[in-house]
Amino acid sequence: MKRRKTVWFQVEEHETISDCIERMKAEGYIPAGRREEPLFEERDGQYVPIRQMIQLKGVLEVSE
């Protein structure tokens, strides 16, 4: 099975960024980028931010 060279990993609610990086490394990827987006929820007709969604870009580690 061929793995993709680039994969985006979502930092889950229950984990830290360091935990996500360790998960990436366990799958053979190294961090190469980051993006964040706010997550909103509608309350009383208003959209309010409830948390920040963080994704880390993983690049397939090359073994020499």
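What is the percent carbon and sulfur in the accessible area of the chain, measuring with a 1.4 Å probe over the protein chains and ignoring ligands?
Solvent-exposed carbon and sulfur of the chain make up 49 percent of the total.
In deg cm²/dmol and to the nearest 500, what is the mean residue ellipticity at 222 nm of the chain if only DSSP H runs of at least 4 residues count, each as -39500 (n - 2.57), divided by the residue total? Before the final figure, lay out each step's value.
Values: 1 runs with 10 residues, N = 64.
The helix-only estimate for the chain comes to -4500 deg cm²/dmol at 222 nm.
Ranked from highest to lowest mean number of other Cβ atoms within 10 Å per residue, what is the order of the peptides 19-32, 37-50, 2-15?
Details: 19-32: 14.7, 37-50: 8.9, 2-15: 11.0.
The most tightly packed comes first, giving 19-32, 2-15, 37-50.
How much accessible area per residue does the chain have, counting only protein heavy atoms and a probe of 1.4 Å, in square angstrom?
On the way: 5190 Å² over 64 residues.
On a per-residue basis, 81 Å².
For the residue pair E27 and K2, what label-to-label distance in nm results when each label sits 7 Å from Cα along the Cα-to-beta-carbon direction?
Result for the modelled spin labels: 1.9 nm.
How big is the charge dipole of the chain about its Cα centre, in debye rounded to the nearest 20, if each Lys and Arg gets +1 on its Cβ and each Asp and Glu gets -1 on its Cβ?
Details: 11 positive and 13 negative charges, 97 e Å.
Once rounded to the nearest 20, the dipole reads 460 debye.
Relative contact order for the chain using alpha-carbon pairs under 8 Å, separation at least 6, rounded to a whole percent? All intermediate terms of the calculation are to be shown ahead of the outcome.
Values: 92 pairs, mean separation 26.6, N = 64.
Value for the chain: 42 percent.
Using the Kirkwood radius built from alpha carbon pairs, what does the Stokes-Einstein equation give as D for the chain at 25 °C and 0.890 mPa s, in µm² per second?
Numbers: Rh = 13.2 Å.
The calculation lands on 186 µm²/s.
Among I50, S18, G33, whose Cα projects farthest towards the positive end of the dipole of the chain, with charges put on the beta-carbon of Lys, Arg (+1) and Asp, Glu (-1)?
Sorting the options by dipole projection puts first G33.
The values are calculated or read from the model by the stated rules, or taken from the named source; none is laboratory data. Remember, predicted model here, so these are calculated numbers, not experimental data. Because the Cβ atoms are built from the backbone with ideal geometry, glycine has one as well, and the counts that use them run over all protein chains shown. Remember, those area values only see protein heavy atoms, side chains included, never the ligands or the DNA or RNA. Shrake-Rupley method; radii C 1.70, N 1.55, O 1.52, S 1.80 Å.
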